[in-house]
Amino acid sequence: MSKPARRSLERLIEAAVQAQKRAYCPYSRYPVGAAVLTSSGRVFAGCNVENASYGLSMCAERAAIYHSVAGGHDSLAAVAVVGAAAKPCGACRQVMFEFSEKDTQLLLVDLDPATGRRKIARTTVFKLLPMAFDPLASGLLPENPRNLIKRKRK
Ligand code: ZN
């Protein structure tokens, strides 16, 4: 997979910034926005959505990834996460890994809403979760799980 163009990454960050504004986080008061750039160039966003039954809350990263899967995409070129020193939790790292390639970019955007200043840390999903539980290596998934799903439907 080739590296996403700088313009695509700016568009990705902007989508995550907009999603952060829509976060539903009355309990933690910790808004997070995320956006994923699919390998086909589409952008899907998500925000954290909390619930009075705390365990039902969903992180922005997984919301964005599930949004992209529902849109028919299962390969990520890049992920952006926006929040105050936001870093993906362990669950989100594993879900990102499922849909990432070795070079899937991860942009951690620390945004100060008061000043608009931002610091961006860049890494990759694979570097963020070394020794991940790999569904391919474990033999749980064939090389192309989409083919398996299509076969099951026949
Ligand atoms: Zn998470």
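In table form, for the structure just shown:
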| read-out | value |
| --- | --- |
| Selected residue (criterion: farthest from VAL95 (Cα to Cα)) from residues of the range 58-74 that are surrounded by 19 or more Cβ atoms within 10 Å (Cβ to Cβ) and out of contact with any Gly (no Cβ under 6 Å at 6 or more places or on another chain) | HIS73 |
| Residue count for the range 1-13, restricted to those that are open to solvent by less than 100 Å² (accessible area, probe 1.4 Å) and touching a residue at least 12 places away in the same chain (Cβ under 8 Å) | 6 |
| Among the residues listed as GLY72, GLY41, GLY55, the single one being more than 16 Å from the ligand (Cβ to nearest atom) and without any contact (Cβ under 8 Å) to a residue 12 or more places away in the chain | GLY72 |
| Strands (runs of 3 or more DSSP E) enclosed by the range 76-149 - at least 2 residues per element that are within 19 Å of LEU12 (Cβ to Cβ), open to solvent by 40 Å² or more (accessible area, probe 1.4 Å) and away from the ligand (no atom under 13 Å from the Cβ) | 100-111, 118-124 |
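Yes or no, residue by residue, for (1) in contact with a Gly (Cβ under 8 Å, 6 or more places away or on another chain); (2) over 13 Å from ALA23 (Cα atoms); (3) acidic (Asp, Glu):
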residue	(1), (2), (3)
SER39	no, yes, no
ARG42	yes, yes, no
CYS47	yes, no, no
SER53	no, yes, no
LEU56	no, yes, no
ALA78	no, yes, no
VAL81	yes, no, no
CYS89	no, yes, no
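So that you can scan it fast, the table gives a plain yes or no per residue for (1) touching a Ser or Thr at 6+ places or on another chain (Cβ under 9 Å); (2) at negative phi; (3) not in a strand (DSSP E or B):
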site	(1), (2), (3)
LYS3	no, yes, yes
SER8	no, yes, yes
GLU14	no, yes, yes
LEU37	yes, yes, no
SER40	yes, yes, yes
ALA45	no, yes, no
ASN51	yes, yes, yes
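The values are calculated or read from the model by the stated rules, or taken from the named source; none is laboratory data. Since the structure is predicted, the reported quantities are computational estimates derived from the model, not experimental observations. Positions of Cβ are generated from backbone atoms using ideal geometry, with glycine treated the same way; all protein chains shown enter the neighbour counts. Ligands, DNA and RNA are stripped out before the accessible areas are found, and what is left, the full protein with its side chains, is counted by its heavy atoms. Shrake-Rupley method; radii C 1.70, N 1.55, O 1.52, S 1.80 Å.
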